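Structure record follows, encoded as structure tokens.
The values are calculated or read from the model by the stated rules, or taken from the named source; none is laboratory data. Small disclaimer: the values here were computed from a predicted structure and weren't measured. Glycine gets a Cβ as well: all are built from the backbone with ideal geometry, and neighbour counts include every protein chain shown.
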Amino acid sequence: MSTVTRIQQTFASLKHAAFIPFFTAGDPDLGTTAALVREAAARGADLIEIGVPFSDPIADGPVIQASYYRALDKGFKVEQVFELARALRQDGLKTPLLCMVSDSLVFHRGLDAFFGAAKESGFDGMIVPDLPAGYEGDAARVAAAKGLDLVFLCAPTTPPERRALIAQRSTGFIYYISVAGITGTRMALPPDLEANVKDLRGRTRTPVCVGFGVSTPEQAAAVGTIAHGVIVGSALVKQIAELVKAGNTGEKLVKAIGAQVQALADAAHGKHA
Amino acid sequence: MADATQAATAAQPDARGFFGGEATGFGGRFIPETLMPACEELEREYLAAKKDPAFVNELEKLFREYVGRPNPLTFAARMTKDLGGAKIYLKREDLNHTGAHKINNTLGQALLTRRMGKKRVIAETGAGQHGVATATAAALFGFECCVYMGAEDVRRQALNVFRMELLGSKVVTVQSGQRTLKDACNEAMRDWMSSVRDTHYIIGSVMGPHPFPTLVRDFQSVIGREVREQMMEKEHRLPDAIVACVGGGSNAMGIFYPFLLDKDVRLVGVEPAGEGVDTHRHAATLARGRRGVLHGMKTYVLQDADGQTAQVHSVSAGLDYPGVGPEHAYLKDTGRAEYVSATDTEALDAFQYLARLEGIIPALESAHAIAHARKLAKELGPDKILVINLSGRGDKDCEEVRRLLK
């Protein structure tokens, strides 16, 4: 596809690192997820990732897995992630949306049907963490045909020849995993992060964003100086769970998370508090 | 004689780990990027090890002097007489050190772990047999070991938890999901994601990302090779049918594989039907599953209408799994192997039947194979020979069976 996607446009127009929060669809409920996405967009999120709950998420850490189980226990159905995106677009949301989903769910529905529904409902890109470069089959072709970006992940353990492959295949951006581990909040950023991001940036003009283990504004600020984007998932999902547990739902929850998103976004954008 | 299809069947998988081709086949490597280099390294190391006489000799020596191989192929005289059909032989994996076939694989993978210079191993376990076999190999090689086990299985298999701890392993009780084998797999994968640089994940069945289904099959195929030799010695011919239980399917793959080219040998896998394959409480993946992706492989999976992994059930903790090894999926589709099922009740009957008739208490997993063999022996008739893979002994199940029979 020669057309420029909304994700590509966003990176092209940004003067600073992008801030990309992650929310689990249906945690604590779909209405709140929609409100959280709108609030995040209003508070400085440049792109937003929405996770599709799955029963056996091997690429995600305990925090995200727990959020998936909470959503599934409430009866989440895959179709609802498309309804969510559709409603957000009808509301006028312009922020690029990425759908993070296990290949198990994509394969079940069928690649063409899943990507088609994602595009039609308003998603701009797909992240399929258990579909590594080299085993993506028709996914890259189908995504391109639908006008979706297909974001591949790159890990600290990834050797140079695979980095080259990922740099070549990934569109929209490259999702660099900051730690060799599952998603979750970490205290400090790993020492090899900067060198690895630099290496990737040397291989492609596709933006490189860093996630997995970024949780605080300090970390977001640090990552913002070396990468094109900062992704925060577990820290937000954990905070949502704690707020819900303490009885803070609805508007109260949305505002609290909004403040957290703003702090992280400001840090990623290089605005010092 | 083997025809072209047969030869193709035995030559699986392809270089990328697909049984029956990438477009429509099973297997592959559907895992997070973090684990890709580890699987590639394992594949390289395994291919080199296979051709290294030192590796092969060391494994054979361990089989002989540590596991006690070859184990016997026992003629089940009273069972044969009672059923009045085919002559029945039992392949005695229950007599291996640690009491099941699992040790064949864990020793092979322990040797690979040492070759890769890793010092820590992790494993998932259902019934605890693979956990015990991994803990045993870890003790033998001086590795640190951590075994993940679902909370429900920890309850059902308390004795095996103690055995693992006695062997110096840490046992982590998994409280997420259904709290059984699949959830233990999720947790082990998650551990591996953050420990991959110094840790090898000893997957316990012919499942997971390439090359695990292949290398586990190869390590387990010592079972089938011995059966072949022992059969020729005792009967001067190959058996007419081989029956084995299938959860993930490693004991079945191990005994089937050396016979894939002998198309006159019927290969029969027995899945756990739980309370019946038409109820919602079973784990008969090949009977009722559909193509899907689970734990890094494309295979048959039991899923709900939305694509979420289905709740499964079996009286046997080792068969309580919603997926199946990709090579079994392939053998089902090509028709080279046939897959049937046995219910909890049939397995419990067979458990007691073998104890009374042959003085052998089988594992509840293996009891599924016994249950089907009771039907098949009659069907085959007296001039035929049937081999049952007695994949493990039943000591670990006695508490649970006693509870169920009360």
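Before moving on, here are some points about what is shown:
- The lone exception for A:ASP46 - which of (1) in a helix (DSSP H, G or I); (2) under 23 Å from A:GLN219 (Cβ atoms) it fails: (1)
- Answer residue from region B:25-45, given it is farther than 15 Å from B:GLY208 by Cβ and away from chain A (no Cβ under 11 Å) and is modelled with the lowest pLDDT among those: B:GLY25
- Counted residues, region A:17-42 - those being buried (at least 24 other Cβ atoms within 10 Å of the Cβ), farther than 11 Å from A:LEU72 by Cα and of a type in the set (Gly, Ala, Ser): 3
- So A:ASP124, is it away from chain B (no Cβ under 14 Å), in contact (Cβ under 8 Å) with a residue 60 or more places away in the chain and either under 29 Å from B:GLU22 (Cα atoms) or over 18 Å from the mean Cα position of the chain (by Cα) (or both): yes
- Evaluation of B:ARG281 against (1) away from chain A (no Cβ under 14 Å); (2) surrounded by 24 or more Cβ atoms within 10 Å (Cβ to Cβ); (3) within 20 Å of B:ARG156 (Cβ to Cβ) (one fails), failing number: (2)
- Residue count for region B:342-370 satisfying the condition of being in a helix (DSSP H, G or I) and among the small types (Gly, Ala, Ser): 6.
- Test: residue in region B:149-156 that is within 14 Å of another protein chain (Cβ to nearest Cβ), crowded, with 22+ Cβ neighbours inside 10 Å and either more than 28 Å from B:ALA49 (Cβ to Cβ) or modelled with pLDDT under 95 (or both): yes
- Unmet requirement for A:ILE64, which otherwise passes all of (1) under 28 Å from B:THR180 (Cα atoms); (2) assigned to a loop (DSSP other than H, G, I, E, B); (3) under 16 Å from the mean Cα position of the chain (by Cα): (2)
- Flag if A:ALA241 is small (Gly, Ala, Ser), surrounded by fewer than 20 Cβ atoms within 10 Å (Cβ to Cβ) and in contact with a Ser or Thr (Cβ under 7 Å, 6 or more places away or on another chain): yes
- Condition broken by A:ALA45, with the remaining ones in (1) small (Gly, Ala, Ser); (2) crowded, with 21+ Cβ neighbours inside 10 Å; (3) more than 19 Å from A:LEU148 (Cα to Cα); (4) within 14 Å of another protein chain (Cβ to nearest Cβ) satisfied: (4)
- Qualifying helices (runs of 4 or more DSSP H) (wholly inside region B:166-258; at least 3 residues being more than 14 Å from every other protein chain (Cβ to nearest Cβ)): B:212-220, B:222-235, B:250-256
- Region B:1-92 holds helices (runs of 4 or more DSSP H) entirely within its bounds, and those carrying 2 or more residues that are closer than 26 Å to B:GLU233 by Cα map to B:4-10, B:53-62, B:77-83.
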